[in-house]
Every structure is written in C-alpha cells, then in structure tokens.
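Here's the structure, in structure tokens; my notes come after.
The values are calculated or read from the model by the stated rules, or taken from the named source; none is laboratory data. Just so we're clear, the structure is a prediction, and the values are computed from it rather than from any experiment. Here the Cβ is made from the backbone with ideal geometry for all residues, glycine too, and neighbour counts use every protein chain on show.
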Amino acid sequence: MLAGIAAGLGAGAFWGTTFVAPLIAPGFSSIDLTVGRYLACGLLSVLLLAWTALRGTLHKPTWSQAGAALWLSVLGYTGYYVLLVLAIQAAGAALPVLIIGTIPLAVMLLGKPQGLRWRTLLPGLLLTAAGLVLMMRATAHGMDGSATAQGSLAWGVFLAALAMASWTAFVLLNARWLARHPEVNSTVWANWLGVAAGVGALLIWAVAGTPLAELVARPGFGTFVLVCAVTGIGAAWIASVLWNMASRRLSASLAGQLIVSETVFGLIYAFAWDAAWPAPVQWAACVLFVLGILASIQAHR
C-alpha cells in the first residue's frame, strides 16, 4: 500500500509541472504545449519500444490491447487536454479549473470498494471538498468578468464538464484494464499509451497546431522545446508509469484522493516560479488537501 501511495504522490508531483509550463514558455499556445508534450512522450515511448525489440523482449499488443490504448489515451491524454483548452478559450481559465478540480471527488465517489463503509470514507471526502471550496474562492476572487470574450460561458462550462468526465472515466477504466491484464506491466502499458498519445498529438497539430516554421521563428523556441521535453517525459511518461503502479496497488477511491496532490504540487511550483507566497486561503486549502489524503489513507487500511 505504501508503495502505491508513494507512486500516486510521485505522479501528482510530475503532473504539477504542467501548471508552470505556460509560465515558462508564455509565447506559445496551450495547444502547441499540449502537442509538444505528447509528441515528446510518444517519441520516448517509440524509442523504448525499439530498444526492447532490439533486446528481443518486445511485448507486442494484441489488436484489442492496441485499441484499448488508443481509446484510453483519448480519454486521459489528448482528448482531455483538448476539451480543457477549448473550455478555457470559451469561458476563461477560472471556471474550467474549478470544474476540473472536482475530479478527485468524482473518482473517490465512483471508485469506492464494496467493502468500504461510507462513514469511514466521509472524513477524507469532507476535507477534500472543503479544500476545493477554499481553492474555488481564491480562484473566483481573481475573475474580472471578461472571461467570455472568446466565446460562450455556457459552452465553456459544458466543455469543462466533458473534460472532467473524460479524465474521471480514464482513471476508472484504466484501473479496471490494468486489473484485468496483469501480464502487461506498468512500463509497457505506459509505452503503448504514449505511442497512442503521440499519434493523437500529430492529428491535433495537423488540425489546430501552429506551423513548424512559425514555431521555430518565435523567440524562446529553445525554451519551448525544453518545456515540452520535460513535461512529455516527466508529466506524461514517468507520471503514467507511476500512476499505473498506484492504480494496481490501490483502490480507485484512494488513488482518486491522491489526485489532489497535483494541485498542491502545481501551486508550489507556480509560486516558486513567481517568487511569491500563496494567499492564506490557498495555504489553508493545501493543508485541507493533505489532511484529506491522510484521512483517506487511514480509512483504506
């Protein structure tokens, strides 16, 4: 159990780096950062699969397994991020981020083991919900009423809800798939998902991405490539391996609780980058998140 918790927290630590990626490479769009991230992940996955093939240890997926990797990569990787980006473009950043913040609660509620009583899970749920409420207050405080300049607020909220449902479904279905296929280890599965995500990124780039010549000509292109490489290897591939390990060792409800660590780490990185201290309400929210994780761990023992 401890190994699964450590893996889940490690995944959250890597996912949190995506919070600061736009701050480090501000001259590039979210679509370009998403495409670059998953292209880097896909390239690494292809190289690792080629290495295993040269060593004669390549585990080839069946058609069914390849189809599952493609479908789940859309749910949890490229499809999810495209929905989120479109939601932010339509409604501004604040509301979509708040909606996405409910994912840990949704996963905890839908992934509760049959033998676990609700009353034992309730403290962790309440602490996490209280932390989300505080974080929502802090986020809503910065809204300026101009969020709908690029589109319809209602449409953006709808897209954000779809993104939330997409990633929630990915967490639950990915855990179920791993449980049914113990012969596929976490690293192999991460490679298959990475290749599928790389293919999806190419399709997104062809439809909505910035032409390569224009990207190269922009100031800070080298930083952009570095950010994509770091988030593609860390926040996509390594985080995927760690999350697969956590999903195999923990119930979906406990793994869902650990998702809030992404927010905690993301805030730490963002404030460190800006050389600023969080507001008291954000400190309080992070404390509640940590207490919620500890309460959920206790409930699942």
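In table form, for the structure just shown:
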| item | result |
| --- | --- |
| Close pairs (8 angstrom Cβ cut-off, 6 or more residues apart or separate chains): closer than 9 Å to SER253 by Cβ in region 106-135, aromatic (Phe, Trp, Tyr) anywhere | LYS112/TRP118 |
| Any hit, region 47-55, residues being assigned to a loop (DSSP other than H, G, I, E, B) and either under 18 Å from TYR77 (Cα atoms) or over 16 Å from the mean Cα position of the chain (by Cα) (or both) | yes |
| Flag if HIS181 is farther than 26 Å from ALA40 by Cα and modelled with pLDDT of 90 or more | yes |
| Tally, over region 130-164, of residues that are at pLDDT 80 or above, more than 16 Å from ALA91 (Cα to Cα) and in contact with a helix residue (DSSP H, G or I) (Cβ under 6 Å, 6 or more places away or on another chain) | 3 |
| Index of the failed condition, VAL35 passing every other in (1) closer than 22 Å to VAL225 by Cα; (2) under 16 Å from the mean Cα position of the chain (by Cα); (3) surrounded by fewer than 22 Cβ atoms within 10 Å (Cβ to Cβ) | (3) |
| Among (1) touching a residue at least 40 places away in the same chain (Cβ under 8 Å); (2) within 20 Å of TRP205 (Cα to Cα); (3) surrounded by fewer than 21 Cβ atoms within 10 Å (Cβ to Cβ), the one test that TRP71 misses | (1) |
| Out of LEU44, LEU75, LEU95, sole residue that is modelled with pLDDT of 95 or more and in a helix (DSSP H, G or I) | LEU44 |
| Residue check, GLY256 part of a helix (DSSP H, G or I), of a type outside the set (S, T, N, Q) and buried (at least 24 other Cβ atoms within 10 Å of the Cβ) | yes |
| Filter result (free of Cβ contacts under 8 Å to residues at least 60 places away in the same chain and assigned to a helix (DSSP H, G or I)) within region 274-286 | PRO280, TRP283 |
